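Input: a single structure, listed below in structure tokens.
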Amino acid sequence: MPDLSSAELDRSFLFGQRAMELMKAYRSSATPRSYAVWYTYVAGLNAQLIEAVKRITAEHGTLADAQVDQLFETYLDGRRLATETERASVGVLAEIEQIMEMLDTALGSTARYGASLQAFTQDLAAPAVNRARVREIVSSLVVTTRDVAANNRTLEARMRESRNEIETLRETLEAVRVESLTDPLTGIGNRKHFEEMLHKAVDHAAVQGQPLCLIVLDIDHFKRFNDLYGHLTGDQVLRLVAMTMRESVEPRTTIARFGGEEFGIILPGSDRDESREIAEKVRTSVMGRELVKRSTGESLGRITISVGLAAYRRGDTAVSLLERADHCMFTAKRAGRNQVIDDGVPVETMNDVA
């Protein structure tokens with residue numbers, strides 16, 4: 001474990017002290033889970049947890065133990081999704097094992113049936129066979145055939161049941177996978193999904209030589225907006241931006257919220273001009289929507305976003321592409337906000353603007 005500097009130790013103690021104060025202020029029990037939730041909140045380590053805590057405390061004025069448990073399991077305990085995945089996987093394996101056992105039984109029954117047919121054929125070919133023996137052979141053949149048919153019907157019914165059960169388990173696994181990659185507040189991709197897709201897109205662009213652009217956008221004055229109107233309205237703003245992004249891009253385009261009020265759009269196959277059109281479309285669409293406070297119907301005016309755009313260059317990594325898009329976005333902020341800046345502008349010019 002690396003040694004912490006004196007400043008880092010002091011900071012961690014301050015975070016711990018503040019976490020204990022908030023536990024007491026919001027009537028949370030002094031449990032390890034509660035401390036973990038409040039320490040994460042104070043240290044700013046999980047944007048989604050921070051928003052959830054703000055929302056709950058704004059509504060209820062407290063953070064009860066049941067709410068602490070839910071926050072911990074949702075945002076801090078990675079075992080929950082792993083447990084659900086393991087449970088579904090075990091179910092699939094159990095179903096497959098049962099099917100294999102029934103197939104073995106059916107194959108054994110079929111083999112025995114084949115052996116019986118061969119024996120009957122030999123008996124019928126015997127020179128001394130009489131009518132009574134023929135009736136006996138036919139009766140045995142009928143019984144054997146019925147047994148095989150019954151086994152096949154049982155196997156067919158069990159296969160249908162297993163198919164339905166495996167499909168249900170498959171849907172469960174898919175739901176768990178989607179949940180692990182989705183931002184719960186906005187319903188679009190989360191940081192994990194964004195990073196995975198960006199790495200894939202950069203690797204593909206490098207191999208195939210196809211264009212790739214990355215858009216990063218940030219809501220202007222979001223903190224001030226939150227302070228003025230409350231976190232519930234702030235959540236409404238985040239959802240509005242996510243909805244606008246979804247409406248402005250192709251369905252297969254990757255959109256994600258990877259920070260508090262920061263969003264990303266990955267555009268494989270799109271060149272700079274096409275991507276700039278999309279960025280401007282998102283910016284103007286967001287600005288064109290009037291925000292109304294749901295509880296009162298009060299008009300809260302319009303929100304704006306600052307947008308940065310970076311195009312893939314040979315040798316880029318996911319990190320370098322994201323850093324360049326981020327730099328463009330912050331340049332747009334410093335240049336007056338509510339605009340799109342792309343890395344096609346010479347670096348010197350961008351620095352002058354910044």
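The values are calculated or read from the model by the stated rules, or taken from the named source; none is laboratory data. Quick caveat: nothing in here was measured; it's all calculated off a predicted structure. Here Cβ is always computed from backbone atoms with ideal geometry, including for glycine, and neighbour counts include all displayed protein chains. With ligands, DNA and RNA removed, areas are computed over all heavy atoms of the protein, side chains included. Shrake-Rupley method; radii C 1.70, N 1.55, O 1.52, S 1.80 Å.
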Dipole of the stretch 208-336 [Lys/Arg +1, Asp/Glu -1 at C-beta], most positive-end residue of 229, 287, 325: 229
Residue 17-residue 192 FRET efficiency (beta carbon distance; Förster radius 41 Å; 0.05 resolution): 0.85
Of 281/333; 24/192; 200/281, those spanning more than 27 Å from alpha-carbon to alpha-carbon: 24/192
Using θ = phi - 60° and Karplus 6.51 cos²θ - 1.76 cosθ + 1.60, couplings along the stretch 187-193 (whole Hz; Gly, Pro as x): x, 9, x, 9, 4, 4, 5
Which of 142, 286, 249 is most accessible, then next, and so on - probe 1.4 Å: 142, 249, 286
Estimated dipole of the stretch 236-339 in Debye, rounded to 20 [Cβ of Lys and Arg +1, of Asp and Glu -1, Cα centre]: 240
Shape of the stretch 271-330, Cα gyration tensor, a/c cut at 1.5: prolate
Kirkwood Rh and Cα Rg combined as Rg/Rh, the stretch 222-354: 0.99
The stretch 26-43 - phi-based ³J(HN,Hα) in whole Hz, Karplus 6.51/-1.76/1.60, Gly and Pro as x: 9, 6, 8, 5, 7, 10, x, 5, 4, 4, 4, 5, 6, 5, 4, 5, 5, 6
Hz values of 3J(HN,Hα) by residue in the stretch 242-247 - Karplus curve (6.51, -1.76, 1.60), Gly and Pro given as x: 4, 5, 5, 4, 4, 6
Cβ-derived FRET efficiency at R0 45 Å, residue 224 paired with residue 30, nearest 0.05: 0.85
Anisotropy class of the stretch 239-290 from Cα gyration tensor, a/c 1.5 cut: oblate
Accessible surface of the stretch 213-296, 1.4 Å probe, proportion on carbon and sulfur as whole %: 48
